[in-house]
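Encoded as structure tokens, the structure appears first; notes follow it.
The values are calculated or read from the model by the stated rules, or taken from the named source; none is laboratory data. Just so it is clear, the structure is predicted and the values come from calculations on it, not from any experiment. Ideal geometry is used to build each Cβ from the backbone, glycine not excepted, and the neighbour counts take in all protein chains shown. Accessible surface is based on the protein model in full, side chains and every heavy atom, while ligands, DNA and RNA are left aside. Shrake-Rupley method; radii C 1.70, N 1.55, O 1.52, S 1.80 Å.
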Amino acid sequence: MNDRPYHHGDLRRAVLVAALDVIATDGPAGLSLRDLARRAGVSHAAPAHHFRDRTGLLTAIAAEGHALLAAELTEATDLRDAGARYVRFAREHPAHFQVMFSPELLRADDLELTTARALSAAALTGAVTTDAVTTDAVTTGAPAGDGPDARLARIAVWSLAHGFATLLLGHNLDGLLDGEDPEAVLRALPMMLMPPA
């Protein structure tokens, strides 16, 4: 009996899935192409055929993560929903999330990555523009348009959602959440920073 897994011709996907499993348990530092080849039951050179090296594999994971995040954020109905969807993405794709925002692990000039990053950034910007808020929207509800207030709104939303997701994945909020749904908690938080006095 052959115990080598059958990949339906999609070794690239099999290596990505195995890599995501390793990252979820051991972090990006635990990743090695040789170990992934062993897990996939293929020669040690096979993963390099698809990704060239470890950096190429991590870059592919980050690109896939940004594309998944863009799809999630595109469905957002407002800023609170975008923040909650961001947290949901981080909870459902923790390995992607760990890699996506670690530029030192990635090929910054990779076309697939830069395209996917642009899509996720556009989806977040779309949520800010759709909600038509500025940095003082909590108190005034003023429209954002496409000016500097929209840029600041995007920074505020991303900072809050990303910080919350990072703390959540690190189990730093376990005691504070007291069993509450993290997405519901994030929706209850003010989504914008108050303007300086």
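Once the other residues with Cβ under 10 Å from the Cβ of ALA18 are scored (Lys, Arg +1; Asp, Glu -1), what is the net sum?
So the surrounding residues net to +1.
ASP21: accessible area at probe 1.4 Å, nearest 10 Å²?
Ignoring ligands and nucleic acids, ASP21 comes out at about 90 Å².
Probe 1.4 Å, all protein chains in place: accessible area of SER32 in Å², nearest 10?
50 Å²
Calculated FRET efficiency, SER32 and ASP78, Cβ-Cβ r, R0 45 Å, to nearest 0.05?
Calculated transfer efficiency: 0.60.
At what distance in nm do the modelled label points of HIS171 and ALA121 sit from each other, each positioned 7 Å from its Cα along Cα→Cβ?
Rounded to a tenth, the inter-label distance reads 3.5 nm.
Heavy atoms only, 1.4 Å probe, whole protein assembly: order ARG38, ARG91, ARG85 by accessible area, highest first.
ARG38, ARG91, ARG85
What number comes out for the charge environment of GLY27, summing +1 per Lys or Arg and -1 per Asp or Glu over other residues with Cβ under 14 Å away?
-3
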